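The structure under discussion appears below in the form of structure tokens.
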Amino acid sequence: MLVDTHAHLDDKRFDNDREEVIKRCVEEGVVCIINAGSSLSSSIKAVSLAAEHSIIYATVGIHPHDAKTADGYTTELLRSLAGKDKVVAIGEIGLDYHYDFSPRDKQQQVFREQIGLARELKLPIVVHDREAHGDILKILKEERAVEVGGVMHCFSGSKETAKECMDMDFFISFAGPVTFDNAKRAKEVASYVPVDRLLTETDCPYLTPVPLRGRRNYPGNVKFVVEEICRIKNLERERLLETVVDNTIKLFGIDITR
Ligand SMILES: [Zn+2]
Ligand SMILES: [Zn+2]
């Protein structure tokens, strides 16, 4: 009963074997994959993947890397995409000050607009935060993200930031980096976050967990993230898996068959 709440199966690195990968995930016990959109074209692909596969759900949104491509029509197009079947959130949206692929003021503007859209549509948000914790918290507060809640995906902040996010009704999601030997902070935060606020993801094809680092990632590898969180929190595997299913149902309002 594995859940991958953040995958990019629309990525071109799956173009040669996407259907086989999805089939393998089902065989390996993955019961739900949420495919995150990152641009308009990737959001459209996410929506069609969700239409074609019962275990896949979609989010639609513009990643901060692509914020520079957003114009006056972007919100309208996202609004119409968000009305499609199995779209469960607006995302991934946020700020990335590590790469700065879009100017920071543009990243902030597009992030704010998409939180506004999520509030209008009453959908939760999927937040990408890389080296931008202060501005992320400020914007989440100013734009009243607490009204819709959401998830801090592949969380890389401190315990204090995690607490502020949880106070705004956000879930904290962990990906491959929590398995890395040098990820002291991620392990500390995983130990701190209560299990009923925690989600698991791969962010595939990126961030492959230990022991498969260097290979292409895929949703089945979420099992390594699960194992590491169980080890850190001294939890039974079944207890974590059950709770993550419950959290996913609660946040995204979807029906996962057990
Ligand atoms: Zn991300
Ligand atoms: Zn992502």
Heavy-atom accessible area with a 1.4 angstrom probe orders Met166, Met152, most exposed first, as Met166, Met152
Rounded to the nearest Å, what's the spacing between the alpha carbon centres of the stretch 213-258 and the stretch 22-71? Just the number, please. 18 Å
With a cut-off of 8 Å between alpha carbons and a minimum separation of six or more residues, what is the relative contact order of the chain in percent? 18 percent
Just to confirm a number: summing +1 for Lys and Arg and -1 for Asp and Glu over residues other than Tyr97 whose beta-carbon lies under 14 angstrom from that of Tyr97, what do you get? -2
Share of carbon and sulfur in the accessible heavy-atom surface of the stretch 2-252 [1.4 Å probe, %]: 49 percent
Note down the nm distance, to one decimal, between modelled labels 7 Å out along Cα→Cβ at Arg213 and at Lys122. 4.5 nm
Going 7 Å from the Cα of Asp255 toward and past its Cβ, which residues in the stretch 24-38 have a backbone nitrogen under 19 Å from where you end up? 31-34
For Ser48, placing the label point 7 angstrom along Cα-to-beta-carbon and taking the stretch 191-224, residues whose amide nitrogen sits under 20 Å are 205
Mind checking which of Gly72, Val148, Asn247 is farthest towards the positive end of the chain's charge dipole, using Cβ charges of +1 (Lys, Arg) and -1 (Asp, Glu) about the Cα centre? Asn247
Tyr73/Asn234 FRET efficiency (R0 41 Å; Cβ-Cβ; nearest 0.05): 0.20
Value of D in µm² per second that Stokes-Einstein yields for the stretch 10-130, Kirkwood Rh from Cα pairs, at 25 °C (0.890 mPa s): 168 µm²/s
Net charge within 12 Å of Ala132 by Cβ-Cβ distance, Lys/Arg positive one each and Asp/Glu negative one each, not counting Ala132 itself? -2
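Note down the relative contact order for the stretch 139-258 as a percent, whole number, built from C-alpha pairs under 8 angstrom at least six residues apart. Don't skip to the end; give the middle numbers.
On the way: 179 pairs, mean separation 26.0, N = 120.
Contact order relative to length: 22 percent.
Ordering Lys141, Lys187 from largest to smallest accessible area (1.4 angstrom probe), what's the sequence? Intermediate results must be reported in sequence, preceding the final value.
Numbers: Lys141 105, Lys187 40 Å².
Listed by decreasing accessible area, they come as Lys141, Lys187.
Stokes-Einstein at 10 °C, 1.306 mPa s, Kirkwood radius from Cα pairs: D for the stretch 2-252 in µm² s⁻¹? Mind dumping the intermediate values first?
Details: Rh = 17.8 Å.
Result for D is 89 µm²/s.
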Theoretical gain in end-to-end length, Glu147 to Asn182 [0.36 nm per residue, Cα-Cα removed]: 9.0 nm
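The values are calculated or read from the model by the stated rules, or taken from the named source; none is laboratory data. This structure is a prediction, so every number in the text was calculated from the model and none was measured. Cβ sites come from the backbone with ideal geometry, for glycine too, and all protein chains shown count toward neighbours. SASA here: full protein model, heavy atoms, side chains in, ligands and nucleic acids out. Shrake-Rupley method; radii C 1.70, N 1.55, O 1.52, S 1.80 Å.
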